[in-house]
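Structure below; questions to follow.
A short reminder: the numbers here are calculations on the coordinates, not readings from a lab. These numbers come from a predicted model, not from an experiment. Glycine also receives a Cβ, built like all others from the backbone with ideal geometry; neighbour counts cover every protein chain displayed.
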């Protein structure tokens, strides 16, 4: 399939290309599941292993629409990732309310069993979590048969949803065990309500200004994980290639900041989902030696590319905010400053990519598309107050002076003997 770079530069909704990338992701996950079942003869099989294998085989053969919803859940991505690392095994079954089902289960490290594809989970009472137990489920009423013969009656709990289909959770072990950039935040009461309200408002604002981008986010995003922040003035966020559909970010009551962050991290996940099917950079472009306009450490070209794409989308959103919203003068100047900074930083990044990158045909078209869109945005800021543009140009120049070799897109930390080889590439 020949991909159209215009459909990936900015939000275009659920296009046939979007669906093709999603189906490729699903088929690769199914293939990995088949490898798991086919490799079972290498294990020392236990009765519990047989239950897991039978569950996986039934899942592979299932024709339920929920199967693909579960396969594209970030926890499924991470479960497969962990399996490849340590042969971790788990079973998750779809829930059918109104029909009694009985199955064996085990909790995660926090004593929870999640019904992925729904906002429901089971929290075992007490502090001792049995290795395996039987669940009898009907209409959200639950009977648990514990290994020691004990029977417990309970009900399902519900994860907080920001909007239908997008939850917020910091207790799901499969979602959080590899999040390393910042500590997880456990939000309760008023703090949790504010977190959810701001994110709900941010998503509504994105839907109004970038409806096609919002459609993509709604289709991909499953969970937003709260992080702690070192300061109330600093927003931190992250996303991971093994957790597609999960975004981690710190609380903020600023709707604009949360909208920018959601767009930024979604763009990373969007391109990360595309690249296995349609690479942009040729093999051998991953050395961590290049100057980043946004960071102090050296970055590989792939990171520079993802950053340029994400900040183009953020700048586009900010441009529409300035045009459409009634904003107080001081806030308006602040948004103009951030808009100008993002544009100058992205220009610097695209220059580095053009100087040093070796691209596929699709990658060349994508890079050219980024330059053209930058030109449109750059033209739009020429009417901004001259002092704002001068200040942001100076900010970017000072950052470059501190961390890049003079006149080059190479980080100062690269050994001098390697500079010529870097340029030759």
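Can you tell me, using C-alpha contacts under 8 Å and at least 6 residues apart, the relative contact order of the chain as a whole percent?
Details: 581 pairs, mean separation 57.4, N = 425.
About 13 percent, as a whole number.
For the range 165-243, what does the relative contact order come out to in percent, with C-alpha contacts under 8 Å and a separation of six or more?
Working: 54 pairs, mean separation 38.3, N = 79.
Once normalised by length, the contact order is 49 percent.
(i) 1.01; (ii) 1.29; (iii) 0.98: which one is Rg/Rh (Cα atoms, Kirkwood Rh) as calculated from this entry?
(i)
Let me ask you something else. Would you please give the FRET efficiency between residue 30 and residue 325, computed as 1/(1 + (r/R0)^6) with r the Cβ-Cβ distance and R0 = 45 Å, to the nearest 0.05?
Working: r = 45 Å, r/R0 = 1.00.
Approximately 0.50, to the nearest 0.05.
Can you give the helix-only mean residue ellipticity at 222 nm for the chain, where every DSSP H stretch with n ≥ 4 adds -39500 (n - 2.57) and the sum goes over all residues, rounded to the nearest 500 deg cm²/dmol?
Numbers: 14 runs with 214 residues, N = 425.
The helix-only estimate for the chain comes to -16500 deg cm²/dmol at 222 nm.
Can I ask one more? Relative contact order, percent, of the range 279-425 when contacts are C-alpha pairs under 8 Å separated by at least 6 residues?
Values: 157 pairs, mean separation 51.2, N = 147.
So the answer I get is 35 percent.
Sticking with this structure for a sec: Simple spin-label model, 7 Å along Cα-to-Cβ: residue 219 to residue 142 in nm?
Distance between label points: 3.3 nm.
Give me 403, 114 ranked fewest to most by other Cβ atoms within 10 Å of their Cβ, as a rough exposure proxy.
Working: 403 17, 114 23.
Listing 403, 114 from fewest to most nearby Cβ atoms yields 403, 114.
Report, to the nearest 10°, how far helix 16-38 tilts away from the longest principal axis of the Cα atoms in the chain, using its own Cα long axis and a range of 0 to 90°.
On a 0 to 90 degree scale, this one is about 40.
Pick from 35, 162, 60: which residue has the top mean-square fluctuation in a GNM of the chain where Cα pairs under 10 Å get a spring?
Comparing 35, 162, 60 in the GNM, the peak value goes to 35.
Then there's this: Compute the long axis of helix 301-324 from its Cα atoms, compare it with the longest principal axis of the Cα atoms of the chain, and write down the angle in degrees, 0 to 90, nearest 10.
80 degrees
Using Cβ contacts closer than 10 Å as the measure, can you line up 118, 154 from fewest to most? Don't jump to the answer; show the numbers that get you there.
Values: 118 17, 154 13.
Ranked by crowding around the Cβ, least crowded first: 154, 118.
Given bins 5 angstrom wide, list per bin the percent of all Cα-Cα distances in the range 279-425, short to long.
2, 10, 19, 20, 18, 14, 9, 5, 2, 1, 0
Oh, and also: Taking the beta-carbon count within 10 Å as an exposure proxy, list 399, 191 from fewest neighbours to most.
Working: 399 20, 191 13.
Placing the least packed residue first, the sequence is 191, 399.
Using only Cα atoms and rounding to the nearest 10 degrees, what angle (0 to 90) does helix 386-403 make with the longest principal axis of the chain?
70 degrees
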